[in-house]
Amino acid sequence: MNRMFLRRPPTADASDLLAGLTEQQFLNPQQPLKDALAASQQKIGFCPLAAESAVKWLQTDDARPIGRLRRTELMQLARCIDRFWQQAQAAEVGQAG
């Protein structure tokens, strides 16, 4: 795994993730969720494994267009990505220490 994704920008949190996903939803509503997550990941810098885990945990179809997701679904997704990202960071710190 690339350690770059484990280092979290000081201002990145679930609200930043939600803003990035909302932006993708507004700009490209027909874009599949997996592509929107990849674009948001490039912009924000969250761990792609955290996004993959969140999509699986929420049982969301990543081929579904992001424009078809409700606001509450985007909020859940952003919070889950943030939670899995924090867990990955904690595990990395535990292994390093």
Legend entry - Computed [θ] at 222 nm, deg cm²/dmol, the chain (DSSP H ≥ 4; -39,500 (n - 2.57); rounded to nearest 500): -21500 deg cm²/dmol
Legend entry - Which of Asp61, Asp13 has the fewest Cβ neighbours within 10 Å, and the rest in rising order: Asp61, Asp13
Legend entry - Radius ratio Rg over Rh of the chain, counting only Cα atoms, Kirkwood formula for Rh: 0.97
Legend entry - Where labels lie 7 Å past Cα in the beta-carbon direction, separation of Glu52 and Gln89 in nm: 2.1
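Throughout, read-outs are computed from the coordinates displayed, never taken from laboratory work. In this text the structure is predicted, and so the values were computed from the model without any measurement. Every residue, glycine as well, gets a Cβ built from its backbone with ideal geometry; the counts of neighbours run over all protein chains shown.
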